[in-house]
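Worksheet: one structure, shown below.
The values are calculated or read from the model by the stated rules, or taken from the named source; none is laboratory data. From a predicted model like this one, the values you see are computed outputs, not experimental measurements. Cβ: placed from backbone, ideal geometry, glycine included. Neighbour counts: every protein chain shown. Only protein heavy atoms, including side chains, enter the accessible area calculation; ligands, DNA and RNA are left aside. Shrake-Rupley method; radii C 1.70, N 1.55, O 1.52, S 1.80 Å.
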Amino acid sequence: MGPTQLEALPPLPPTRRCGCGQQVRSSHLEYLGRGQSVPIYTCGGCGLAYRGTPGSASQKTLPRSRKPLPDGGHPENPVLDPTLAARLRELLDQG
């Protein structure tokens, strides 16, 4: 969606109700560039789109939590039989 199309969208109604009476729900974020984004909302009944208030994209995202790595090294590969796995280890260690 281009900037002119975004500007053509009506602003989000304060009641979050469309003119047809249905509830307006969050659809997606449109990225504007330079860390800015605009939330887009759509009507559940007629599908009319509305634009929200532009904001910083970094404020909208939550930091991911990192899971600790499992102890004990790599898991066993059930696809390879033990003799083939040993041969592959030998070949990789030589290189």
Residue in the range 40-64 that is modelled with the lowest pLDDT, counting only those that are over 18 Å from Thr4 (Cβ atoms) and assigned to a strand (DSSP E or B): Ser56
For residues that are open to solvent by 100 Å² or more (accessible area, probe 1.4 Å) and either hydrophobic (A, V, I, L, M, F, W, C) or not in a loop (DSSP other than H, G, I, E, B) (or both), tally how many sit in the range 6-21. 2
